[in-house]
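See structure below.
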Amino acid sequence: MKSSNYLSKATCALCAALFLLFPASAEEAEKSAPDPLLDQAGFDFHTYTASYDQPNRPQFHFTSREGGINDPNGLIYYDGEWHLYFQHKGQKHWGHAVSTDLIHWTQLEHAIVPHKGHCAHKGQIWSGTAIIDSKNTLGKQKGDTKTIVAFFTHTQKVFHQDGAYSTDRGRTFQLMGNLVPNQGSSTGERDPKVILDPATNKWIMYVTAGVSAVFESTDLIKWKHIGKVEGIGGECPDLFQLPLDGNPSKMMWVMTNGGARYGAGTLENGIWRLAEGERLQGFDSGRPRGSMGYAWQTFGNGPDGRVVQLGFIQSGKKGARAPIPHEGLPFFQQMTFPVELTLRSTPDGMRLFRNPVKEIETLYTDTKKWSGITLATANDKGHLGGLTPDLLDMTCVFSPGEADKVTFNIRGVAVQYTQADERIRITNNAGIVGESLVPASPDEKGRVKFRVLFDRTSFEIFVNDGIAAATINCVPVSRTLSVDGPRSMIIDELMVHELQSIWQNK
């Protein structure tokens, strides 16, 4: 018996030694312990399903393995990884996924979860932002790994803005406490956005409450109210720089809100102002029914100055936003496909252009290209009639000429251009009640261009190089492609890429 106990103890000691020498993984070895004030039951990712092959699960848009998602939070790039935090589950957590290419995502354990004793809207972790503490302002840096600092709305009896920091590349966070107390708007103050103002070297925080209250800090802990920004309003404010027409000597500050309104302007002592002569615009409208994309945010610290944006696609609405079948599925809602932003001069002023990130090309499995074809032959087996794609990225440039209208039927969704009002109408009887409208004026050569990304339950269209767009939640009713209109009308360019799933190895 003694020898057996001795052998058992020796075996345990050997196993412990081996574990110290060879930890389970580098990921586990570098993680810190989560803050003890957080409800440890929220760290339940290990119980989630590993399957991504359900019929109605998107195949190149991010979804959580399980649970509902909405606002993207704390988008940041650091050390080769794009970090996607997001609102997750009914009792709001910060979910977490990382990618090295903006395409293939690995979901990790929750980063920040509700406080112990949370209930209803109390103690939850709502939307916010994240920054890289590159100068070690907090003094928390370990070795060469920069500290990631998150700011979010903490829902107590009255809302206030909290913070948390991570010293293990964003995997776990330690709470910093109440940084910006409630300013008098009860539960209206939320969605902090934090940036570093390069002109003053001060940290600036925007908190929305109808108008945006603006605060500044030199240490990321003590925040001073310095003013407000009116006009753009809305939830989920975002603020970032873009070079006008790619010229780094003409940097503009672009402000957006969650409802896809934006303006280009200046930042003076932390206060954003719309540029003289400019008006607020919409980048994802789909009027009059509205786009289903919401809570748009950009990744901070993008490499080579890249500014990449995404939002989430709303589901389950009544009426104009008809629900998508989710019965029996472990997930709910999806992120939009990442787009890269540019700011360009147009005859009407400065405009934001949005286009899918170039990394989508890594998903292409088959490509068909045609040019100079007429509608008389476009639907034959040698062109659109021979295609039955599941997932697609389709670009079309056409010259409507004298045609009153032309309709592209893309897997049951009608994309119709009308000459009278120079708009594209998008109709999907399976998903949208009514029509979504996107402006589509012909260029100087009389051509209209659109690009469509079609996943299993989402449809994103980018018109005229991305100056206008719409995001739609829908279910395709067929796998066919066709076009209707005058037989003599010319399609200048037509390109259809079939895509593979991003979950190939999941």
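Anything in segment 345-364 that is closer than 11 Å to GLU278 by Cα and of a type outside the set (D, E, K, R)? List them, or say none. Walk me through it before giving the result.
Residues of segment 345-364 that are closer than 11 Å to GLU278 by Cα, as a first pass: 348-351.
Correct list: GLY349, MET350.
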The residue that is farthest from PRO36 (Cα to Cα), considering only those in segment 139-184 that are without any contact (Cβ under 8 Å) to a residue 24 or more places away in the chain and either surrounded by fewer than 18 Cβ atoms within 10 Å (Cβ to Cβ) or over 26 Å from the mean Cα position of the chain (by Cα) (or both), is GLY184
Over segment 197-219, the set of residues out of contact with any strand residue (DSSP E or B) (no Cβ under 6 Å at 6 or more places or on another chain) and surrounded by 17 or more Cβ atoms within 10 Å (Cβ to Cβ) is ALA209
Of ILE226, ILE221, the only residue that is in a loop (DSSP other than H, G, I, E, B) and outside the structural domain of CYS474 (by TED's automatic domain parsing) is ILE221
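When segment 465-482 is examined, which residues are found to be in contact with a helix residue (DSSP H, G or I) (Cβ under 6 Å, 6 or more places away or on another chain) and buried (at least 21 other Cβ atoms within 10 Å of the Cβ)? Step through it out loud before you land on a result.
So the first thing to find is which residues in segment 465-482 are in contact with a helix residue (DSSP H, G or I) (Cβ under 6 Å, 6 or more places away or on another chain), and the list is 481-482.
Selection gives LEU481 alone.
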Restricting segment 471-485 to residues that are assigned to a strand (DSSP E or B) and more than 16 Å from CYS396 (Cα to Cα), the one nearest to the chain's Cα centre (by Cα) turns out to be THR471
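Please work out which residue is surrounded by the fewest Cβ atoms within 10 Å (Cβ to Cβ), limiting yourself to segment 486-506 and to residues that are among the β-branched types (Val, Ile, Thr) and more than 18 Å from the chain's Cα centre (by Cα). Spell out the reasoning first.
Filtering segment 486-506 for residues among the β-branched types (Val, Ile, Thr) gives 490-491, 496, 502.
Applying the additional criterion that residues be more than 18 Å from the chain's Cα centre (by Cα) yields 490-491, 496.
Working: ILE490: 17, ILE491: 23, VAL496: 21.
Checked segment 486-506; the qualifying residue surrounded by the fewest Cβ atoms within 10 Å (Cβ to Cβ) is ILE490.
On the basis of being in contact with a helix residue (DSSP H, G or I) (Cβ under 6 Å, 6 or more places away or on another chain) and closer than 29 Å to ILE103 by Cα, does LEU437 make the cut? Lay out the reasoning, then the answer.
Details: in contact with a helix residue (DSSP H, G or I) (Cβ under 6 Å, 6 or more places away or on another chain): no; closer than 29 Å to ILE103 by Cα: yes.
When the stated conditions are applied, LEU437 does not pass them.
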Out of (1) assigned to a strand (DSSP E or B); (2) at pLDDT 95 or above; (3) under 15 Å from MET394 (Cα atoms), the one GLY466 does not meet is (1)
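So for segment 365-374 (the condition being among the small types (Gly, Ala, Ser), modelled with pLDDT of 95 or more and not assigned by TED's automatic domain parsing to the domain that holds LEU239), does at least one residue qualify?
Our first condition is that a residue be among the small types (Gly, Ala, Ser); within segment 365-374, this holds for 371-372.
With modelled with pLDDT of 95 or more added as a condition, the list becomes 371-372.
Still in the list and also not assigned by TED's automatic domain parsing to the domain that holds LEU239: 371-372.
Yes, that holds for at least one residue.
Considering each of ARG451, ARG447 in turn, give the residue that is surrounded by 15 or more Cβ atoms within 10 Å (Cβ to Cβ) and within 22 Å of the chain's Cα centre (by Cα). Let's see the steps before the verdict.
Details: ARG447 fails: within 22 Å of the chain's Cα centre (by Cα).
Just a single option satisfies the conditions, and that option is ARG451.
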Considering residues that are modelled with pLDDT of 95 or more, small (Gly, Ala, Ser) and surrounded by fewer than 24 Cβ atoms within 10 Å (Cβ to Cβ), the number found within segment 69-96 is 1
Flagged in segment 241-272 as surrounded by fewer than 15 Cβ atoms within 10 Å (Cβ to Cβ) and among the basic types (Lys, Arg), in numbering order, are LYS250
message = Would you confirm whether or not segment 363-380 contains a residue that is surrounded by 16 or more Cβ atoms within 10 Å (Cβ to Cβ) and of a type in the set (Asp, Glu)?
response = no
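The values are calculated or read from the model by the stated rules, or taken from the named source; none is laboratory data. Keep in mind it's a predicted model, so treat the numbers as computed, not measured. Don't worry about glycine lacking a Cβ; one is built from the backbone with ideal geometry, like all the others, and counts go over all protein chains shown.
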